[in-house]
Every structure is written in C-alpha cells, then in structure tokens.
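What follows is a set of notes on a single structure, which appears directly below.
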Amino acid sequence: MIRLVVGVGNPGKEYERTRHNAGFWLVERFAQTSGFMLRKDPKFKALVGKNAAGAWFLLPQSFMNLSGQPVQMLAGFFKFKPEEILVVHDELDFAPGVARIKQGGGIAGHNGLRDISQRLGSHDYWRLRLGVGKPPAGAEGADYVQQKPAAEDKAAIDQAIDRALQVLPEMLTGDMQVAIQKLHSGEPKPDS
C-alpha cells in the first residue's frame, strides 16, 4: 500500500513548465481531479494534501537536489516505510509518452532521487518514472530538464500522466502488479 506520493520538481513560476517538474504535474492533476487541496505546510517545507482514502501527497518546495528533507520529515512524522512511498519524477532514459513503475534501483544521476535515498537511508521506495526524452547530442542533462518541452513532447508527457493517473488508485491500495501491467501494456509503441 502506498501511503505517501511525492512529486518532485522545482518550485517557482520560472520552473513550473520545465521537464524537471513532470512529477509536480502528475500530483497537481491528481489533486485537482480528486478534489483535495495541496496546501503550503512550512513545517514540512512542502505543499501537502490528503485524499479521501487517507493517502498523503507532497510537493517539496525546496529545489530538486534538496527534495529529500521534506520527504524524510513527513515520512518520519507518520512513520511511513520506504516501500510505502511513491516518488513521481522525470526520466531522461525514456521518450516522452513513456511511464514506468518500479521499486528500488539506482538513481541514474537524478539529484532529487539521490537526496531522497540518502535522507531515507534506502532505495526501496517505489518510483513512477515519466519519460521526458534525452537531451540532444552535446547538451547537458541538467540544462535540458530545466527547459520547457516542445509542444508535441508536452502532449506525449501529458498522455503518459493521464495513463498513470488511471492506475494510481491500484497503486494506492497496494495492487502494484495490476498497476504495472495496465500502465506498461497501455504504452504507445515506438514508430518502426
């Protein structure tokens, strides 16, 4: 069962439409469609909300590389285990439109995941990875994720978020295998 969903991104108007904020986009859309509010909570340094089923949602309001502190504070306060936490984040290794679920694993250079793993002392939390595509040859990944995606890429990311939102209820109740199967089988096929 997932008791805490964390969307990672960077706070502030200048970042809200950048690829790095894909995790924010999903949690914000879920809150909006589910009818609960995300409110600023200075104690947790985050926007925090709770849905009708009792799951907590958190958007750290520190920058991406410091995402772990709000996660650690809220998880510690409610005594959530790493395997009860889902982190939603942008993924350079997947094309826009791809969304994948996994538990544990490496951080692949993602500074938000690095900080969360260090703060929790574990890699065993769940991840919902939203593809944003690879940077062009010679471009830095850090610069690429701080830019807005092209319109067609944004549309593909939004479609992946829509598909992920359809399986989020299964994830929250702990039916991860059903969620994984539905999400991964509904993925668009690459052009041949």
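The values are calculated or read from the model by the stated rules, or taken from the named source; none is laboratory data. The structure presented is a predicted model; accordingly, all values stated were derived computationally and were not measured. We place every Cβ from the backbone using ideal geometry, glycine too, and count neighbours over all the protein chains shown. Note: accessible area is taken over every heavy atom of the protein model, side chains too, but ligands, DNA and RNA are not part of it. Shrake-Rupley method; radii C 1.70, N 1.55, O 1.52, S 1.80 Å.
Yes or no: region 141-160 includes at least one residue that is open to solvent by 20 Å² or more (accessible area, probe 1.4 Å), over 20 Å from ASN21 (Cα atoms) and outside any helix (DSSP H, G or I). Looking for residues that are open to solvent by 20 Å² or more (accessible area, probe 1.4 Å), over 20 Å from ASN21 (Cα atoms) and outside any helix (DSSP H, G or I), one finds none in region 141-160, hence no. Among residues of region 91-140 being part of a loop (DSSP other than H, G, I, E, B) and of a type in the set (Asp, Glu), the one that is farthest from ASN10 (Cα to Cα) is ASP124.
The set of residues in region 12-45 that are outside any loop (DSSP other than H, G, I, E, B), open to solvent by less than 40 Å² (accessible area, probe 1.4 Å) and under 20 Å from MET171 (Cβ atoms) comprises ALA22, GLY23, PHE24, TRP25, LEU26, VAL27, PHE30, ALA31. Does at least one position in region 161-175 carry a residue that is outside any helix (DSSP H, G or I), at pLDDT 95 or above, in contact with a Leu (Cβ under 7 Å, 6 or more places away or on another chain) and open to solvent by 10 Å² or more (accessible area, probe 1.4 Å)? No - not one qualifying residue is present in region 161-175. Of MET64, MET73, all but one fail to be touching a Gly at 6+ places or on another chain (Cβ under 7 Å) and in contact (Cβ under 8 Å) with a residue 12 or more places away in the chain; the exception is MET64.
Counting only residues that are assigned to a helix (DSSP H, G or I) and buried (at least 18 other Cβ atoms within 10 Å of the Cβ), how many does region 46-72 have?
Summing the residues that are assigned to a helix (DSSP H, G or I) and buried (at least 18 other Cβ atoms within 10 Å of the Cβ) in region 46-72 gives 4.
Report, by residue number, each residue of region 84-119 that is acidic (Asp, Glu) and open to solvent by 40 Å² or more (accessible area, probe 1.4 Å). Break it down into steps so the answer makes sense when it comes.
If we filter region 84-119 for residues that are acidic (Asp, Glu), which is where we start, we get 84, 90-91, 93, 115.
Residue satisfying the conditions is ASP93 alone.
Do the conditions hold for HIS110, that is, is it closer than 21 Å to ILE161 by Cα, without any contact (Cβ under 8 Å) to a residue 24 or more places away in the chain and under 16 Å from the mean Cα position of the chain (by Cα)? Please lay out each step first, then the result.
On the way: closer than 21 Å to ILE161 by Cα: yes; without any contact (Cβ under 8 Å) to a residue 24 or more places away in the chain: yes; under 16 Å from the mean Cα position of the chain (by Cα): yes.
Yes; evaluated as a whole, the condition is true for this residue.
Regarding region 80-89, can at least one residue be identified that is over 14 Å from the mean Cα position of the chain (by Cα) and part of a loop (DSSP other than H, G, I, E, B)? Checking region 80-89: at least one residue is over 14 Å from the mean Cα position of the chain (by Cα) and part of a loop (DSSP other than H, G, I, E, B). Within region 35-46, residues that are free of Cβ contacts under 8 Å to residues at least 40 places away in the same chain sit with their Cβ atoms under 6 Å from residues that are surrounded by 16 or more Cβ atoms within 10 Å (Cβ to Cβ) and of a type in the set (Val, Ile, Thr), at 6+ positions apart or across chains, in these pairs: ASP41/VAL48. Between a first residue in region 124-140 that is under 24 Å from ALA179 (Cβ atoms) and a second residue that is assigned to a loop (DSSP other than H, G, I, E, B) and open to solvent by 40 Å² or more (accessible area, probe 1.4 Å), which pairs have beta carbons less than 6 Å apart while being 6 or more apart in sequence or on different chains? Once the first residue is under 24 Å from ALA179 (Cβ atoms) and sits in region 124-140, its partners that are assigned to a loop (DSSP other than H, G, I, E, B) and open to solvent by 40 Å² or more (accessible area, probe 1.4 Å) give GLY131/ALA95; GLY133/ALA95.
Look at region 25-65 and say how many of its residues are among the aliphatic types (A, V, I, L, M), at pLDDT below 95 and under 20 Å from GLN146 (Cβ atoms).
Within region 25-65, the first condition is being among the aliphatic types (A, V, I, L, M), and the residues that meet it are 26-27, 31, 37-38, 46-48, 52-53, 55, 58-59, 64.
Okay, now just the ones that are also at pLDDT below 95, so 52-53, 64.
From the residues that got through so far, the ones that are under 20 Å from GLN146 (Cβ atoms) too are 64.
Qualifying residue count, region 25-65: 1.
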